[in-house]
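Colleague: What follows is a structure written as structure tokens; I'll ask about it next.
The values are calculated or read from the model by the stated rules, or taken from the named source; none is laboratory data. As the structure is a prediction and not an experimental result, all values here were calculated from the model. With ideal geometry, Cβ positions are generated from the backbone for all residues, glycine too; neighbour counts draw on all protein chains shown. SASA here: full protein model, heavy atoms, side chains in, ligands and nucleic acids out. Shrake-Rupley method; radii C 1.70, N 1.55, O 1.52, S 1.80 Å.
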Amino acid sequence: MYYEDENNLYHYSYRKGDKSGVEPVVNTRNYAEEPAESAEPPKKKHGAVKLVALMLVCALIGGMVGAGATGALGAKVSGGKRSADTTAIEVSDRETVNVETVAVTGTKPLSFSELYKANINSVVSINTTTTTNIFNQTVQSASAGSGFIITADGYIVTNYHVIDSANEVKVTLYDGKEYAAKIIGGDSDYDIAVLKIDATDLKPVTIGSSATLQIGDDIAAIGNPLGELTFSMSEGIVSCVDREINVDGTPFNMIQVTAAINPGNSGGPLFNTYGEVVGIVSAKYSAYANTVAEGLGFAIPINDVIAMVEDIMENGRVTNRPYFAITAEEVTARRAQQNGYSVDAGVRVSSVEAGGAAEKAGLQVGDIIVKVGDKDITSMKDLNGAKKSYKAGDTASVTVNRNGTEVTLSITFDATPEQTAKPAQQPQQEQPQNGDNYYYYGNGEGGYFDPWDFFNEFFGNGYNSYYGGNSGNGYGG
């Protein structure tokens, strides 16, 4: 029913007898004819009191909830313990290790963060500029690589291919200081080079032993991938030791790792877990055969080249490279059949330098070298690879096939001459035989060049004898 209160407002009630004493009325007003009333909105009785009471209740409830949450978090922060019946966000109260205090490597195993902080100031970024003349136009090209400091007075090791043909070399340290670098020397066969910057009180690396590495050992590399992501570290394990790979006809004995190795990493250090350098990283060989692969990187074992690095520092070049003092040719199946050789693979001695290491060891023209030390020799690249295990003055066993009989000799290697010089006495020299169409080039450090094999090389039908001796064509060394 409807009823009208004292303010002339109309209400509907479901209760019978509501507003006792007030009879229901029918609204007879004509609102279209009456002016609008300007009365203020009605004030409800006790409205303000109720509002204040409601606010007090809400505040009380909110305070209780807040206190509970604060207590839950506070239980963890204070003393690092909390009650089993509370819900809490776990917050660690462990103090961060100050790895800046790591000053000496090689004394104990390091975490990767400790290893990085201990060695980052020993790693450098290398940028080179090469100027070439193409069709009478001067063209400049730039490349980037990595390196590491080995002495406090500024000697730096990197890959030879990083600075090869460079006209200008700049080195940048981790603190941002940039230096012009002088190329002291290098060796392309071993892909090592030494630079020098005019600086003092630098922090050198600690050289370790690559011979102690085992498959599964943790390793880390620091360098400048892509030439832009400077001073980055990647980590992995040793996948293989003494991995023999071939790049552009040159054999290399490498450490295979799973650490990410990319262009720009070349020349950087490979570390063991003690923070010692055990290898020289090379992106060139990590991408050999133009194959992109995940988790495949290579580094030159430091034990194989550290003596050469010191040699370059002292003499500007590697003076202790082993030298057979022979010229030779690779034995192929076709040549063996044509000339009646007893074996169809190996390296045949074409000439012996008078007074050289081979002559002293008893090697003769016509001997076919089939083994050096414990390595089988079936090709020129095998012989070059075997030589890398030795230095001048080292003694090795050499097994040759001489007219069908194997003979083992002992050779003490000479040092490779700085420049090819004509020997004081003409070496023994065999003449072409059985119709083989040879052409001789060089002056004792050259060898034989077979046009047929040369043809085969370029048309994919075989392996040639165009080996690139020290002068002329063929093997010399």
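Colleague: Here are SER143, SER113: which of them is over 25 Å from ASP164 (Cα atoms) and either more than 19 Å from the chain's Cα centre (by Cα) or open to solvent by 10 Å² or more (accessible area, probe 1.4 Å) (or both)?
Modeller: Unique residue meeting the criteria: SER113.
Colleague: For the condition among the basic types (Lys, Arg) and farther than 23 Å from GLY208 by Cβ, what is the one hit in LYS117, LYS177?
Modeller: Of LYS117, LYS177, the one residue that is among the basic types (Lys, Arg) and farther than 23 Å from GLY208 by Cβ is LYS177.
Colleague: Might you let me know whether segment 133-141 holds any residue that is at pLDDT 90 or above and either closer than 20 Å to ILE280 by Cα or part of a loop (DSSP other than H, G, I, E, B) (or both)?
Modeller: For segment 133-141, residues at pLDDT 90 or above and either closer than 20 Å to ILE280 by Cα or part of a loop (DSSP other than H, G, I, E, B) (or both): absent.
Colleague: Let me confirm something: among GLY176, GLY186, which residue is modelled with pLDDT under 95 and touching a strand residue (DSSP E or B) at 6+ places or on another chain (Cβ under 8 Å)?
Modeller: GLY186
Colleague: Only one of GLY208, GLY223, GLY236, GLY227 is open to solvent by less than 60 Å² (accessible area, probe 1.4 Å), in contact with a helix residue (DSSP H, G or I) (Cβ under 8 Å, 6 or more places away or on another chain), of a type outside the set (S, T, N, Q) and in contact (Cβ under 8 Å) with a residue 60 or more places away in the chain; which?
Modeller: It is GLY208.
Colleague: Just to be sure, is ASP191 among the acidic types (Asp, Glu), surrounded by 13 or more Cβ atoms within 10 Å (Cβ to Cβ) and either in contact with a strand residue (DSSP E or B) (Cβ under 7 Å, 6 or more places away or on another chain) or on the phi > 0 side of the Ramachandran plot (or both)?
Modeller: Yes; evaluated as a whole, the condition is true for this residue.
Colleague: Name the single residue, out of those in segment 146-166 being part of a loop (DSSP other than H, G, I, E, B) and buried (at least 19 other Cβ atoms within 10 Å of the Cβ), that is modelled with the lowest pLDDT.
Modeller: If we take residues in segment 146-166 being part of a loop (DSSP other than H, G, I, E, B) and buried (at least 19 other Cβ atoms within 10 Å of the Cβ), then ALA166 is modelled with the lowest pLDDT.
Colleague: With respect to the numbered conditions (1) more than 11 Å from the chain's Cα centre (by Cα); (2) part of a loop (DSSP other than H, G, I, E, B); (3) farther than 23 Å from LYS387 by Cα, which one is the sole condition not fulfilled by TYR179?
Modeller: Here TYR179 clears every test but (2).
Colleague: Another question, then. Could you list, in sequence order, all residues of segment 167-183 that are in contact with a Lys or Arg (Cβ under 7 Å, 6 or more places away or on another chain) and surrounded by fewer than 18 Cβ atoms within 10 Å (Cβ to Cβ)?
Modeller: Of everything in segment 167-183, those that are in contact with a Lys or Arg (Cβ under 7 Å, 6 or more places away or on another chain) and surrounded by fewer than 18 Cβ atoms within 10 Å (Cβ to Cβ) turn out to be GLU178, ALA180, LYS182.
Colleague: Take ALA260 and decide whether it is on the phi < 0 side of the Ramachandran plot and either assigned to a helix (DSSP H, G or I) or touching a residue at least 40 places away in the same chain (Cβ under 8 Å) (or both).
Modeller: Considered against the rule, which asks whether it is on the phi < 0 side of the Ramachandran plot and either assigned to a helix (DSSP H, G or I) or touching a residue at least 40 places away in the same chain (Cβ under 8 Å) (or both), ALA260 comes out as no.
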